[in-house]
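Visitor: Quick one: the structure is below, and I'll ask about it shortly.
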Amino acid sequence: KAGVTQTPRYLIKTRGQQVTLSCSPISGHRSVSWYQQTPGQGLQFLFEYFSETQRNKGNFPGRFSGRQFSNSRSEMNVSTLELGDSALYLCASSLTANYGYTFGSGTRLTVV
Amino acid sequence: GENVEQHPSTLSVQEGDSAVIKCTYSDSASNYFPWYKQELGKRPQLIIDIRSNVGEKKDQRIAVTLNKTAKHFSLHITETQPEDSAVYFCAAIGSGGSNYKLTFGKGTLLTVNP
């Protein structure tokens, strides 16, 4: 079966711009969560959605937001980009978010 | 919330030796503990996981042990091969505000020398 698909794979943006990243989960998975990976902070949780509802949110500023659609696809948005937002953004899908997370290949965001 | 500590941060072994990576967690209600392998430039891949009602789980050369009393769990890789070289992450799913999310350790860079 198809894995978790993230688009785009790479992005270069300028400070102050906004960006939208997309994630299509494994078919049948209703939970989608997002993580930020940086060399200094490791893997940090952003938020999790299940059936279009955000069930948990990490400690990130309000510039980071997300949503989930009825087909379980999810998007995350970062507004007013800062240099420190440069990172690999990973999406993971799961049946219920209590086990069995599969990660996508990520979107590498570079803010210049 | 949940906090996961992982040690060591780097580990170098000779091919054929065993490797052990240890993690501790803070939330006694945590109930799911996966391990991920991430090769350079690639996505984290689940290699083994364990639930809180099980003490040990094996899959070929890989095993995970869980000590709920001490709140720690470990990854054991036997007969290591050069292709085992990667960064390994432990994680836990906690309760309450730590539910529905993986809290990760900082990772262990494993190098297997031929």
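The values are calculated or read from the model by the stated rules, or taken from the named source; none is laboratory data. Note that the coordinates shown come from a computational prediction; the quantities given were computed from them, not determined experimentally. Quick reminder, even Gly has a Cβ in these numbers, built from the backbone with ideal geometry, and neighbours come from all protein chains shown. Note: accessible area is taken over every heavy atom of the protein model, side chains too, but ligands, DNA and RNA are not part of it. Shrake-Rupley method; radii C 1.70, N 1.55, O 1.52, S 1.80 Å.
Visitor: For the subset of the stretch B:11-42 comprising residues that are within 14 Å of chain A (Cβ to nearest Cβ) and assigned to a strand (DSSP E or B), which member is modelled with the lowest pLDDT?
Guide: Ranking the candidates gives B:Y32 first.
Visitor: Could you give every pair whose Cβ atoms fall below 9 Å, whose first residue belongs to the stretch A:97-108 and is among the β-branched types (V, I, T), and whose second residue is in a loop (DSSP other than H, G, I, E, B), counting only separations of at least 6 or pairs across chains?
Guide: So the pair list comes out as A:T102/A:G3; A:T102/A:V4; A:T102/A:P25; A:T102/A:I26; A:T102/A:H29; A:T102/B:R43; A:T107/A:P8; A:T107/A:R9.
Visitor: Then there's this: With the requirement that a residue be hydrophobic (A, V, I, L, M, F, W, C) and under 13 Å from the mean Cα position of the chain (by Cα), what does the stretch A:75-112 give you?
Guide: Quick first cut of the stretch A:75-112, residues hydrophobic (A, V, I, L, M, F, W, C) only: A:76, A:78, A:81, A:83, A:87-88, A:90-92, A:95, A:97, A:103, A:109, A:111-112.
Correct list: A:M76, A:V78, A:A87, A:L88, A:L90, A:C91, A:A92, A:F103, A:L109.
Visitor: Taking the conditions exactly as written (surrounded by 13 or more Cβ atoms within 10 Å (Cβ to Cβ), touching an Asp or Glu at 6+ places or on another chain (Cβ under 8 Å) and within 17 Å of A:T20 (Cβ to Cβ)), does A:Q36 satisfy them or not? Break it down into steps so the answer makes sense when it comes.
Guide: Details: surrounded by 13 or more Cβ atoms within 10 Å (Cβ to Cβ): yes; touching an Asp or Glu at 6+ places or on another chain (Cβ under 8 Å): no; within 17 Å of A:T20 (Cβ to Cβ): yes.
Taking the combined requirement at face value, the residue does not satisfy it.
Visitor: With the condition kept exactly as written, say whether any residue in the stretch A:4-14 is more than 13 Å from chain B (Cβ to nearest Cβ), on the phi < 0 side of the Ramachandran plot and outside any strand (DSSP E or B). Lay out the reasoning, then the answer.
Guide: Within the stretch A:4-14, the first condition is being more than 13 Å from chain B (Cβ to nearest Cβ), and the residues that meet it are A:7-8, A:11-14.
Applying the additional criterion that residues be on the phi < 0 side of the Ramachandran plot yields A:7-8, A:11-14.
Going one step further and asking which of them are outside any strand (DSSP E or B), we end up with A:8, A:14.
Yes, the stretch A:4-14 has at least one match.
Visitor: Here is a list: B:T80, B:T111. Which entry is under 20 Å from B:V13 (Cα atoms), open to solvent by 20 Å² or more (accessible area, probe 1.4 Å) and of a type in the set (V, I, T)? Full working, then the answer.
Guide: Working: B:T80 fails: open to solvent by 20 Å² or more (accessible area, probe 1.4 Å).
Just one listed residue meets the conditions, B:T111.
Visitor: Would the stretch B:2-10 turn up any residue that is open to solvent by less than 60 Å² (accessible area, probe 1.4 Å), within 14 Å of chain A (Cβ to nearest Cβ) and at pLDDT below 95? Outline the logic, then answer.
Guide: Step one: of the stretch B:2-10, the residues open to solvent by less than 60 Å² (accessible area, probe 1.4 Å) are B:2, B:4, B:6, B:8.
With the extra rule that they be within 14 Å of chain A (Cβ to nearest Cβ), the set shrinks to B:2, B:4, B:6.
Filter once more, keeping what is at pLDDT below 95: B:2.
Within the stretch B:2-10, one or more residues are open to solvent by less than 60 Å² (accessible area, probe 1.4 Å), within 14 Å of chain A (Cβ to nearest Cβ) and at pLDDT below 95.
Visitor: Of the numbered conditions (1) out of contact with any strand residue (DSSP E or B) (no Cβ under 9 Å at 6 or more places or on another chain); (2) free of Cβ contacts under 8 Å to residues at least 24 places away in the same chain, A:S27 satisfies every one except a single condition; which is it?
Guide: (2)
For every residue, the table says whether it meets (1) open to solvent by 50 Å² or more (accessible area, probe 1.4 Å); (2) part of a strand (DSSP E or B); (3) in contact with a Gly (Cβ under 8 Å, 6 or more places away or on another chain).
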site	(1), (2), (3)
A:L46	no, yes, yes
A:Y49	no, yes, yes
A:F60	no, no, no
A:E75	no, yes, yes
A:G84	yes, no, no
A:C91	no, yes, yes
A:N98	yes, no, no
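Visitor: Of all residues in the stretch B:59-105, which are part of a strand (DSSP E or B), of a type in the set (V, I, T) and either over 15 Å from B:S30 (Cα atoms) or in contact with a Ser or Thr (Cβ under 7 Å, 6 or more places away or on another chain) (or both)? Explain how you work it out, then say what you get.
Guide: From the stretch B:59-105, those part of a strand (DSSP E or B) are B:59, B:62-67, B:72-77, B:86-93, B:103-104; that's our starting set.
Imposing the further condition that a residue be of a type in the set (V, I, T) reduces the set to B:62, B:64-65, B:77, B:87, B:93, B:103.
Scanning the stretch B:59-105 gives B:I62, B:V64, B:T65, B:I77, B:V87, B:I93.
Visitor: Collect the residues in the stretch A:36-49 that are farther than 16 Å from B:G97 by Cβ and more than 7 Å from every other protein chain (Cβ to nearest Cβ), keeping them in residue-number order. Let's see the steps before the verdict.
Guide: As a first pass, look at the stretch A:36-49 and keep what is farther than 16 Å from B:G97 by Cβ: A:36-43, A:49.
A:Q36, A:Q37, A:T38, A:P39, A:G40, A:Q41, A:Y49, listed by residue number.
Visitor: In the stretch B:88-108, what residues are without any contact (Cβ under 8 Å) to a residue 60 or more places away in the chain, surrounded by fewer than 24 Cβ atoms within 10 Å (Cβ to Cβ) and touching an Asp or Glu at 6+ places or on another chain (Cβ under 8 Å)?
Guide: Our first condition is that a residue be without any contact (Cβ under 8 Å) to a residue 60 or more places away in the chain; within the stretch B:88-108, this holds for B:99-101.
The next check asks that each one be surrounded by fewer than 24 Cβ atoms within 10 Å (Cβ to Cβ); those that pass are B:99-100.
Once the filter is applied, which keeps residues that are without any contact (Cβ under 8 Å) to a residue 60 or more places away in the chain, surrounded by fewer than 24 Cβ atoms within 10 Å (Cβ to Cβ) and touching an Asp or Glu at 6+ places or on another chain (Cβ under 8 Å), the stretch B:88-108 yields only B:Y100.
Visitor: Here's something else I'd like to know. Please find, among B:E15, B:E79, B:E39, the residue that is of a type in the set (D, E, K, R) and without any contact (Cβ under 8 Å) to a residue 60 or more places away in the chain.
Guide: Numbers: B:E15 fails: without any contact (Cβ under 8 Å) to a residue 60 or more places away in the chain; B:E79 fails: without any contact (Cβ under 8 Å) to a residue 60 or more places away in the chain.
The unique qualifying residue is B:E39.
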